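The values are calculated or read from the model by the stated rules, or taken from the named source; none is laboratory data. A quick note: this is a predicted structure, and the numbers were derived from the prediction, not measured. Methodologically, a virtual Cβ is constructed for each residue, glycine included, from the backbone with ideal geometry; neighbour enumeration extends over all protein chains shown.
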Ligand SMILES: Nc1ncnc2c1ncn2[C@@H]1O[C@H](COP(=O)(O)OP(=O)(O)OP(=O)(O)O)[C@@H](O)[C@H]1O
Ligand SMILES: [Mg+2]
């Protein structure tokens, strides 16, 4: 599929092959295939309704694809329910932030780490075992506060997530995904509504995390963000992949200009 | 913000004050009422016993429902059915094998085996009911559990398993006639007060004028129930303040997010549904079992409705609220009308002596309305007392409407009871 890209490196962390999703008669995603390299910050762009969020939903198990396969770190996760996908270390955020409104910001964060001892009912209620739960929670609490600091949400720690502003919800959602220390995060417009200063910081943060080995797939409509921060860039149009390439390649691709960027670029 | 932090750190302490304060207040009010009605000491004490007993049994079942509805958002309309399963299982398992004539034999096991069996079977029935329903949208669980509850009651009411013999062992539910529960949770308490050292307490109580041993035994049982509520509270609070409870809350808020964060929501729902139904079974045992006689009529869906109202009064999602809502509902909305009905003659005479008017009970609601318009409050109240059970239903409905509009969070539902096993302050400030 990819017409031009980086030198094909190590085994892809995420491999999507011939993905298709139909809603009744509408085909929202058609023959979508791409590979994501570990440690990359890949961009996914396309006009409204191009099928980006649907692709995310199919990968993350929120929706079941009509056909095609998805492999994550070599394991097939095509029809896996979303909690299994997350257990494999592939997390996602939602385009329209879905906070757990009547839970505090801290509770939202502490929910995310996988396989917590205290998620077992026996551990939660049995005196000796509960102490081990508490020990683990103290460690998680430290990490939660670090993330709150990084995302400038400390002062809201004890507020209900439902009382956060739109931008703050986006931040919390990103922080919550990172709290789980996943190997890869699918980010669906995480920067929409975030103020420019914080946006810059967050992008720097994403690069730092990427260097630590995290992998990101980022949906974003802001071309400056995509062109300056993402490599490679996948372009979707009307449910299919138009092209994959570096920022320069995308900028000079006629089909992309016609379909998406418009004549002014 | 600091106030709520402070509150959450001290939840155990002031909450106990609320609960005991409420009970003390109820005791004062009911003591006043009974003294006004010239009750003798045993009657006064027995009234206080009754509100303690009803408060405790309601608190238990409301705490169990709070796990479902308050924490996880599971709309379980089968509360009455699960209580029935618990108490009938207990009665059958620990019923004597050779009871008196015309009685239905049981399996002859000890009371404790019966209690455990009742809890476990109620829990298992809950799990089985939830397996298909939890796959579907939330509303289906409500329909399935309500239907199941009625099926359970109708089966108990039918002759289907009234008395059956399996491999030579005879047992049964007694059908519409009901079932005598000889070996019931109050039996050991009664036995305690009838022999040394318990008998010394009975003698002392008799000496100070509580001249009915059954009242003393009843008080003993009410105290035991109070202790069970305490233990249950600790248990559900541990669930609530743990990562497990956090996942339950997340399921209530948005299942899709909980799943996207790697939580197997179906597993959590099945577990908590089973645990909650088991606790409802326990509440059924301690509540109806102690009457010494059970009958399918006790397990109509209106009990489920009452339990929901109690939870809404207290505030869904709050364990302290569950206890408070349970005792307010049980004492004020459930027991008080019944109490006034039983004592309607002296109450009405008392009212008449203050307000005047006529104690002749109006026959129709029109007449009662006429009495009210004619400012004959006594006659109006006489009508109310005569029709108290249907008016109670209307009253509870009105309270529900009021709460939904004005205070949907109930008394305690607005509070943040953080779902974590340690305080979530920064730095290691705890312990
Ligand atoms: N649940 C659904 N049922 C029916 N159609 C849907 C559903 N979800 C998405 N679609 C359709 O699929 C197409 C792709 O939608 P999708 O949300 O994936 O677009 P997108 O690329 O994320 O757009 P945007 O940039 O606006 O977020 C749209 O035509 C949309 O109407
Ligand atoms: Mg989208």
- Query: Does residue B:378 fit the bill of being free of Cβ contacts under 8 Å to residues at least 40 places away in the same chain, closer than 19 Å to residue B:335 by Cβ and part of a helix (DSSP H, G or I)?
  - Reply: no
- Message: Here are the criteria: (1) more than 13 Å from ligand 1 (Cβ to nearest atom); (2) over 30 Å from residue A:161 (Cβ atoms); (3) free of Cβ contacts under 8 Å to residues at least 40 places away in the same chain. Tell me which single one residue A:26 does not satisfy.
- Response: (1)
- Flag if residue B:194 is under 22 Å from the mean Cα position of the chain (by Cα), closer than 30 Å to residue B:97 by Cβ and modelled with pLDDT of 80 or more: no
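For every residue, the table says whether it meets (1) within 11 Å of chain A (Cβ to nearest Cβ); (2) part of a helix (DSSP H, G or I); (3) modelled with pLDDT of 80 or more; (4) surrounded by fewer than 20 Cβ atoms within 10 Å (Cβ to Cβ).
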residue	(1), (2), (3), (4)
B:395	no, yes, yes, yes
B:398	no, yes, yes, yes
B:410	no, no, yes, no
B:419	yes, no, yes, no
B:425	yes, no, no, yes
B:428	yes, no, no, yes
- Tally, over region A:220-247, of residues that are within 13 Å of ligand 1 (Cβ to nearest atom) and within 15 Å of residue A:199 (Cβ to Cβ): 4
- Item | Pair list, Cβ < 7 Å and 6+ apart or interchain, from region A:52-72 residues that are more than 13 Å from every other protein chain (Cβ to nearest Cβ) and more than 23 Å from residue A:189 (Cβ to Cβ) to residues that are modelled with pLDDT of 95 or more and within 16 Å of ligand 2 (Cβ to nearest atom) | A:66/A:21; A:68/A:19
- Note on the structure: Considering only helices (runs of 4 or more DSSP H) wholly within region B:238-331, the ones with at least 1 residues that are within 9 Å of chain A (Cβ to nearest Cβ) and touching a helix residue (DSSP H, G or I) at 6+ places or on another chain (Cβ under 6 Å) are B:243-253, B:255-260, B:265-288
- Any strands (runs of 3 or more DSSP E) falling wholly within region A:16-106 and containing at least 3 residues that are within 15 Å of ligand 2 (Cβ to nearest atom): A:26-36, A:41-45
- Message: Residues to consider are A:41, A:14, A:100, A:106; find the one that is touching a residue at least 24 places away in the same chain (Cβ under 8 Å), more than 17 Å from residue A:186 (Cα to Cα), away from ligand 1 (no atom under 16 Å from the Cβ) and under 18 Å from the mean Cα position of the chain (by Cα).
- Response: A:100
- Item | Residue selected from region A:217-231 under the condition within 16 Å of the chain's Cα centre (by Cα) and more than 16 Å from ligand 2 (Cβ to nearest atom), by the criterion surrounded by the fewest Cβ atoms within 10 Å (Cβ to Cβ) | A:231
- Item | Some residue of region A:131-145 being buried (at least 16 other Cβ atoms within 10 Å of the Cβ) and outside any helix (DSSP H, G or I) | no
- Note on the structure: Over region A:146-172, the set of residues within 11 Å of chain B (Cβ to nearest Cβ) and in contact with a helix residue (DSSP H, G or I) (Cβ under 7 Å, 6 or more places away or on another chain) is A:148, A:154, A:156, A:157, A:158, A:159, A:161
- Message: Looking at the structure I just gave you, is residue A:179 more than 16 Å from ligand 1 (Cβ to nearest atom) and touching a strand residue (DSSP E or B) at 6+ places or on another chain (Cβ under 8 Å)?
- Response: no
- Query: For residue A:194, are the conditions met, namely being in the same structural domain as residue A:89 (by TED's automatic domain parsing), surrounded by 17 or more Cβ atoms within 10 Å (Cβ to Cβ) and not in a loop (DSSP other than H, G, I, E, B)?
  - Reply: no
- Query: Counting only residues that are touching a strand residue (DSSP E or B) at 6+ places or on another chain (Cβ under 8 Å), more than 8 Å from chain B (Cβ to nearest Cβ) and either surrounded by fewer than 23 Cβ atoms within 10 Å (Cβ to Cβ) or farther than 19 Å from residue A:37 by Cα (or both), how many does region A:74-104 have?
  - Reply: 7
